[in-house]
Amino acid sequence: MLKLFLPNQQVKSIYEVRPEDLLARGVKAIITDLDNTLVAWDQPDATPQLLEWFKVMRSHGIKVLIVSNNKEKRVSSFSTPVDIPYIFEARKPMGKAFRKAIKLLNVRKEETVVIGDQLLTDVFGGNRGGFYTILVIPVAQTDGFWTRINRRIERRLMDFFKRKGLIEWEERKQ
Ligand SMILES: [Mg+2]
């Protein structure tokens, strides 16, 4: 049961996710979280480095879709200028948005990775949906209100996984 909270892969940031590695594993699409995964939760726009990452993925034929639990205003004002499709108020870890995502992407779940910074929403939802999951260290050390509550539970899961030697690198706030 707890295994459902354990990511398949852990990286320090999305910039460690490279198209060559994805293509080698037959991955054609990325479902990614927005807040504290792509940019800090309180940063309105994409950074130049992120724009480059989108561009590189695109040039390798890898589709990117943002799936966020945040409100329409936040998600659309971030995604529209960078021309990345999105789903807002996704209610992760619920499965509906993930199913909608692969339909929009026109790929199978086996060809898709789910990237995010939270065990309770991104990783749990992705694993339950049968996706390959990648956990990133949160971009910012702060969180929005609801996330702060989730982090308390996450902290205990993290400690458990660390004791078991299943997660090594993370350095997170309390
Ligand atoms: Mg997040």
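Values quoted throughout were computed directly from the atomic coordinates according to the rules given, and no laboratory measurement underlies them. Just so you know, these numbers come straight off a predicted model, no measurement behind them. All Cβ positions, even for glycine, are placed from backbone atoms using ideal geometry, and neighbour counts span all protein chains on display.
The distance linking the stretch 97-174 with the stretch 1-50 is 10 Å (Cα centroid to Cα centroid, whole angstrom). Neighbours of GLY61, meaning other residues whose beta-carbon lies under 13 angstrom from its beta-carbon, give a summed charge of +2 when Lys and Arg score +1 and Asp and Glu score -1. The value for the stretch 85-146 of Rg(Cα) / (2.2 N^0.38 Å) is 1.12. Projected onto its three principal axes, the C-alpha set of the chain covers 40, 33, 29 Å, listed from the longest axis down. Counting 0.36 nm for each residue step from ARG163 to ASP45 and taking away their Cα separation leaves a gain of 38.8 nm. On the basis of the beta-carbon distance and an R0 of 41 Å, PHE145 and GLU20 show a calculated FRET efficiency of 0.60. The HN-Hα couplings worked out from phi for the stretch 29-40 by the Karplus form 6.51 cos²θ - 1.76 cosθ + 1.60 (θ = phi - 60°) are 8, 10, 9, 10, 6, 9, 5, 6, 10, 8, 9, 4 Hz, whole numbers, x standing for Gly and Pro. For the stretch 31-116, the Kirkwood radius over C-alpha pairs fed into Stokes-Einstein at 37 °C and 0.692 mPa s yields D = 251 µm² per second.
Pairs spanning more than 18 Å between alpha-carbon atoms, out of LYS28/LYS73; LYS28/LYS96; LYS92/LYS164; LYS71/LYS96; LYS55/LYS100: LYS28/LYS73; LYS28/LYS96; LYS92/LYS164; LYS55/LYS100. How high is the FRET efficiency from ASN8 to ARG99, r the C-beta distance, R0 25 Å, rounded to 0.05? Calculated transfer efficiency: 0.80. Remark: the stretch 107-114, residue by residue, has Karplus-estimated 3J(HN,Hα) of 10, 8, 4, 5, 9, 10, 10, 10 Hz, where x stands for each Gly or Pro and the curve is 6.51 cos²θ - 1.76 cosθ + 1.60 at θ = phi - 60°.
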